[in-house]
């Protein structure tokens, strides 16, 4: 009978790390790893639009959002056309495309906001929301891009903006879904299937 009372004490003494040794068997005690939750809210972010007015991301609640860094003198600049086509086709179904002009790569967005807006409208008929120029990386990285690129903030993944027209997909709840490289077609199946809720 004494041995039965000693068993709990022995088990406590034999506990080591994430396991408890019970005779020849190690029983795991650690909780399974869980997916990190965002520490910052996408819908709590804000930016300045291309006209210099505040743009609160709170208005994006309940919408699917494609965030893209843009440039007027890039080989991918014609993607403006596909982005506008995508927006026109799905804006009434809850999609918002948000463009962030940036001069981070190759100095390919040298113009000011007025010049950028005129270029986008004259050449591609852009009507989706465009923001003021930002830095997508480095010491001056905009808070929106801090959230998009840091797992500690978005709860999903770390990434790096590597070139113009890199795309981020964010769902209706403000959860980061994935990142798509610059070459990814805005009208490609990965984007369309996501918008339409298909696997």
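A few notes on this one:
- Per-pair calculated FRET efficiency, R0 = 30 Å: residue 139 and residue 63 via Cβ, rounded to 0.05: 0.45
- The stretch 169-199-the stretch 66-143 distance, computed between alpha-carbon centres (Å): 17
- Ordering 157, 130 from the fewest to the most neighbouring beta carbons within 10 Å gives 157, 130.
- A convex hull fitted around the alpha carbon atoms of the stretch 42-195 yields 101 Å³ per residue.
We did not get these values from a lab; they are worked out from the coordinates using the rules stated. None of these values were measured; they are calculated from a predicted model. Backbone-built Cβ (ideal geometry, glycine too); neighbour counts: all protein chains shown.
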